[in-house]
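A short worksheet on the structure shown next.
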Amino acid sequence: MKLFIYWLKIFILKDRGASATEYGLIIAGTAIALIFVFSVVTGAFNDGFQYILQTLNNAFGK
């Protein structure tokens, strides 16, 4: 039991904090998710997808 409590203190209750890289990844991921959700809700995602398809069709002459 003492070993379990020792392990709990070291690995669970220890304040490890987050590095700047981890904070950056969290912020970037949140921003990308919000942009995706906003574009889907407003319909801009569909317009952008259609634009990409039209560009590819023009590029390959179809």
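The values are calculated or read from the model by the stated rules, or taken from the named source; none is laboratory data. Source: prediction; values computed, not measured. Glycine gets a Cβ as well: all are built from the backbone with ideal geometry, and neighbour counts include every protein chain shown.
Taking every residue in segment 43-62 that is modelled with pLDDT under 75 and surrounded by 10 or more Cβ atoms within 10 Å (Cβ to Cβ) and pairing it with any residue that is assigned to a helix (DSSP H, G or I) and not β-branched (Val, Ile, Thr), at least 6 positions away or on another chain, the pairs with Cβ-Cβ distances below 6 Å are Phe45/Ser39. Answer yes or no: is there a residue in segment 20-39 that is at pLDDT below 85, more than 17 Å from the chain's Cα centre (by Cα) and either surrounded by fewer than 10 Cβ atoms within 10 Å (Cβ to Cβ) or not in a helix (DSSP H, G or I) (or both). Within segment 20-39, not a single residue is at pLDDT below 85, more than 17 Å from the chain's Cα centre (by Cα) and either surrounded by fewer than 10 Cβ atoms within 10 Å (Cβ to Cβ) or not in a helix (DSSP H, G or I) (or both).
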